[in-house]
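Working notes, structure below.
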């Protein structure tokens, strides 16, 4: 009850606040001090409503209020505390509430920093809230269940992982922050303030981009460490859906910086601010509406959400474009750049390349829907994304290498010399490291050299600027991180080696430059760890991939041995206990000697069950071991459902069963298996992979995030 | 000035052509098993795992083997090399990506749906 009331209050007050802010922005009169700002008061109520609903959902989750469908569906009594918290965003409704909460709080931060354009900005922020809250009214997390279940269904085991706990909130902070550039763009167009007012959006754009990027990296880390297929990016539609707005946001941030410094790219920045947020809505549409349900690993089934999200998407797209179109004649046009080799050109190329990449990824992602319109639907394979993006990112790297030298005003020679000195050390060093890690082909080494050059140059400028003030070094640090990321991506994507090997206990197998010996199973805390001894030259260590039960499903978890040069990735595929069994055929009246026993086949005994057409065929056997003579009747039941074998256990523990019969010829084929477990043949099959330079990739993402953080901090505090 | 435009257009045309070629050659259509048998390139088929038949791992080929039934009801044997997706058994339906070789569908990729995360199953509970 209280949760739903919170949502309703938030909705109504968002509507009223939005209308009042709109009127404030519309009126030419300056707001007089002393008149109560009702728009602000309603906004307080709005934040209060969302907060109440959120706090209550947390409370309901932590106190196991299974009368609410959402709590029932995503938690149970045995769920540990940290996952009870993260269960908040395990499902549709919770994530929308979290998103709305973050936007509401962002509004407060926005109010502290922006005064002039605020009344024009708030209506658009609140419009977004209206959509989110309307959804929450229609599909509430507080849907009551009758009768109240005693225990919940539990959390999806794949979500019970620290990476998956923080990934969604970080992404939603990014989404919330990227609402601000959209609102600023539309407000700036409305108020014709795209030079000074709109420029104040830069820190917000940077922060939103930072969080969205960090969220994407976290998702990749989870995929790599938990899912077991040895990769971090699958070009799956849901992954692409968050990548596309991130690419346009990257362009937006760079364009805004150029606008700040030289007043360039005004039109592009406005459009990019609008389109990035619209693409975020599209991302939500693609992942939740069921349109991609049959085409993606992650996409979820169709719900009533589809039409709703389509309206959300189209609404914001039309509003944004309408404002742009309205003011298009007033916007400053871009004059052509005076020379090809200027910083301005490098920015232009960056923007164009990033938007092209975004468009291509969007095209590939939507390919099933698009081809479906004209014929039978078809998806694109990964090769499309890799083939088309490779030349684009090649171009970006050329720009990344050259751009620092192209100052807006003048070049300085000292940096060039410093770069050369640094290059003399780092380039050979980097090439040796790369070669040792596995980059052995000539084209690969050439590409590595190019990445290293970009790294060296940006490192040069980072060091130089760091000395004058850490605040201004963020961009270069981020680019250093980017270069490292690409070196890591080159290594781990193009030079990975993998092999599937089957291991028997104690028998070493050589693969991909290592020696693997399966040692056996170690049971600990309800998990079964399959211990594998890995020998790499002189180094020996024990890897422990495991297979564990989550409810009634078996989940596989890889083990990763991280070193500087490469990761060794071991993914459990299958575990079988093969029986040592012997097959033999006996004719009626025949005796066979096996081991120290004699098997005499007397004949078949047929039984028909009274109530059905199930026939049971037994093979009557006399088995003599030394002086002991016993009769056994293994049987085969044949019915409409199939065949069921009914084995017998002999005196020594062995198991005898019928494998096949030929009644006409009087023959029976029997299987004799050892009942002794120690005789059983364990076979553990794993896929082992080397992933060169993953550690460099990880380091790169960390530096990229830190560098961006420094840059955003600078913009907020300037 | 004009040169820049000409260069730009040429670059766009070349890249556009390349992108188009890459797009069409990487398309793998969604088909039924019948169509897949006749197709030459890689295809994707949506279906459900046949529960009555076992999902087994063949030690000699190091491939996962199971049976799939598609929307038309056709059943086929599937052989998959690659890490086994965690929720294979209880996914509602899966997509196999690959092609037929000698009567068996060799799947390079398996796309398994995350069951029920964002589904409204509320109706069942009413």
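The values are calculated or read from the model by the stated rules, or taken from the named source; none is laboratory data. Bear in mind that the values here come from a model prediction, so they are computed numbers and not experimental data. Please note: Cβ atoms are built from the backbone with ideal geometry, for glycine as well, and neighbour counts cover all protein chains shown.
Any idea how many residues of region B:67-114 are more than 9 Å from chain A (Cβ to nearest Cβ), more than 15 Å from the chain's Cα centre (by Cα) and outside any strand (DSSP E or B)?
Residues that pass the stated criteria total 5.
Would you be able to tell me the number of residues in region B:68-93 that are farther than 20 Å from residue A:572 by Cβ and touching a strand residue (DSSP E or B) at 6+ places or on another chain (Cβ under 6 Å)?
Total meeting the criteria: 8.
Condition first: crowded, with 23+ Cβ neighbours inside 10 Å, touching a helix residue (DSSP H, G or I) at 6+ places or on another chain (Cβ under 9 Å) and part of a helix (DSSP H, G or I). Can you find one or more residues in region A:229-236 that meet it?
No - not one qualifying residue is present in region A:229-236.
Output the residues belonging to region B:1-59 that are touching a strand residue (DSSP E or B) at 6+ places or on another chain (Cβ under 8 Å), in a helix (DSSP H, G or I) and either crowded, with 16+ Cβ neighbours inside 10 Å or within 11 Å of chain A (Cβ to nearest Cβ) (or both).
Across region B:1-59, the qualifying residues are B:23, B:33, B:35, B:36.
Residue A:382 is checked against (1) buried (at least 17 other Cβ atoms within 10 Å of the Cβ); (2) within 14 Å of chain B (Cβ to nearest Cβ); (3) at pLDDT 85 or above and fails just one. What number does that condition carry?
(1)
Anything in region A:59-69 that is in contact (Cβ under 8 Å) with a residue 60 or more places away in the chain, more than 14 Å from every other protein chain (Cβ to nearest Cβ) and crowded, with 21+ Cβ neighbours inside 10 Å? List them, or say none.
A:60
Which residue, of A:357, A:367, is modelled with pLDDT of 90 or more, within 13 Å of chain B (Cβ to nearest Cβ) and within 24 Å of residue A:239 (Cα to Cα)?
Only one candidate qualifies: A:357.
Given the conditions (1) within 14 Å of chain B (Cβ to nearest Cβ); (2) out of contact with any strand residue (DSSP E or B) (no Cβ under 7 Å at 6 or more places or on another chain); (3) not in a helix (DSSP H, G or I), which single one is not true for residue A:287?
Of the numbered conditions (1) within 14 Å of chain B (Cβ to nearest Cβ); (2) out of contact with any strand residue (DSSP E or B) (no Cβ under 7 Å at 6 or more places or on another chain); (3) not in a helix (DSSP H, G or I), the odd one out for residue A:287 is (3).
Looking only at region A:390-407, decide whether some residue is assigned to a helix (DSSP H, G or I) and over 20 Å from residue A:342 (Cα atoms).
Yes: region A:390-407 contains one or more residues that are assigned to a helix (DSSP H, G or I) and over 20 Å from residue A:342 (Cα atoms).
Can residue A:264 be described as more than 13 Å from chain B (Cβ to nearest Cβ) and modelled with pLDDT of 80 or more?
Spelling it out, residue A:264 is indeed more than 13 Å from chain B (Cβ to nearest Cβ) and modelled with pLDDT of 80 or more.
Within the bounds of region A:164-179, is there any residue that is more than 30 Å from residue A:227 (Cβ to Cβ) and surrounded by 24 or more Cβ atoms within 10 Å (Cβ to Cβ)?
Looking for residues that are more than 30 Å from residue A:227 (Cβ to Cβ) and surrounded by 24 or more Cβ atoms within 10 Å (Cβ to Cβ), one finds at least one in region A:164-179, hence yes.
This table checks each residue for (1) at pLDDT 85 or above; (2) within 14 Å of another protein chain (Cβ to nearest Cβ); (3) more than 30 Å from residue B:36 (Cβ to Cβ).
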{"residue": "A:361", "(1), (2), (3)": "yes, yes, no"}
{"residue": "A:388", "(1), (2), (3)": "yes, yes, no"}
{"residue": "A:406", "(1), (2), (3)": "no, no, yes"}
{"residue": "A:424", "(1), (2), (3)": "yes, no, yes"}
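For region A:328-351, check the following and say yes or no: at least one residue is away from every other protein chain (no Cβ under 14 Å), closer than 24 Å to residue A:387 by Cβ and modelled with pLDDT of 85 or more.
yes
For region A:70-102: of the residues being within 14 Å of chain B (Cβ to nearest Cβ) and farther than 22 Å from residue A:131 by Cα, which is surrounded by the fewest Cβ atoms within 10 Å (Cβ to Cβ)?
A:72
Where in region A:563-642 are there strands (runs of 3 or more DSSP E), lying wholly inside it, with at least 3 residues that are surrounded by fewer than 17 Cβ atoms within 10 Å (Cβ to Cβ), touching a strand residue (DSSP E or B) at 6+ places or on another chain (Cβ under 7 Å) and within 14 Å of chain B (Cβ to nearest Cβ)? Walk me through it before giving the result.
Values: elements: A:566-578, A:581-587, A:591-594, A:597-608, A:615-625, A:628-632, A:635-639.
Here the list reads A:566-578.
From the list A:154, A:197, which one is in contact (Cβ under 8 Å) with a residue 40 or more places away in the chain, surrounded by fewer than 22 Cβ atoms within 10 Å (Cβ to Cβ), touching a helix residue (DSSP H, G or I) at 6+ places or on another chain (Cβ under 9 Å) and farther than 30 Å from residue A:26 by Cβ?
Going through A:154, A:197 in turn, the sole match is A:154.
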